[in-house]
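Just below is one structure, and these are the notes that go with it.
FYI, it's all coordinate maths here, none of it is from the lab. None of the values given here were measured: they were computed from a predicted structure. No Cβ is skipped: glycine too gets one built from the backbone with ideal geometry, and neighbour counts run over all protein chains shown.
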Amino acid sequence: MDVLMTLGDGQAQFRFAIDTAAYQSLQRRTEWRWPAQDRLWNDPARQFTGKGNDEITLEGVILPAFRGGIGQIKAMRDLSDAALRDGSGARPLLLVTGYGDVLGEWVITGIEEEQPTIGPSGAPLEQRFRLTLAAYARDAA
């Protein structure tokens, strides 16, 4: 199986792969905070106040009848809910690319699902998803 990316570790893990939930696009937005301070008779001054948000959005299409089955988006939601159910509190998830680049810890901030094609039993023949992740920064000890 060609794995594109894994989110989580151990048993609480989701694999984005060619045979299952393959994403067609990855968008990443990283911000740096440089707020402006207005000044009389001069251009605004800027001061660096730290790194801002770092977000990744994965968009993809699942064909449940082809491979992977209908429960893949539910598995994404379950991954985000897993820590809440075991009573340990929410926790970040390790994100690793298929080529071995460790991107660090991330949290799921949103999952959108669309079912544009429905089969005769009401089951989706096609599912589109958008998964939004935000980088998790641990406090320095």
A correct fewest-to-most ranking of Glu105, Glu114 by other Cβ atoms within 10 Å would be Glu114, Glu105
Computed over the chain: longest principal axis from alpha-carbon atoms vs helix 72-85 long axis, angle to nearest 10 degrees, is 60 degrees
Once Ala137 and Asp38 are pulled to full extension, the length gained, defined as 0.36 nm per residue separation minus their Cα-Cα distance, is 32.6 nm
Magnitude of the Cβ-charge dipole (Lys and Arg +1, Asp and Glu -1) of region 23-141 about the Cα centre, nearest 20 debye, reported as 120 debye
Checked against the positive end of the charge dipole of the chain (+1 on Cβ of Lys and Arg, -1 on Cβ of Asp and Glu, about the Cα centre), the farthest of Gln72, Leu40, Pro92 is Leu40
Working note, region 51-133: Cα radius of gyration (Å, one decimal) and Dmax (Å, whole number) are 14.9, 50
Share (percent) of C-alpha pair distances in the chain greater than 24 Å works out to 42 percent
Here FRET efficiency (C-beta to C-beta, Ala75 to Thr49, R₀ 25 Å, nearest 0.05) is 0.05
re region 12-62: pairs of Cα atoms spaced beyond 16 Å account for a percent value of 63 percent
Within the set Thr30, Thr49, Thr97, GNM on the chain using Cα springs under 10 Å gives the largest fluctuation to Thr49
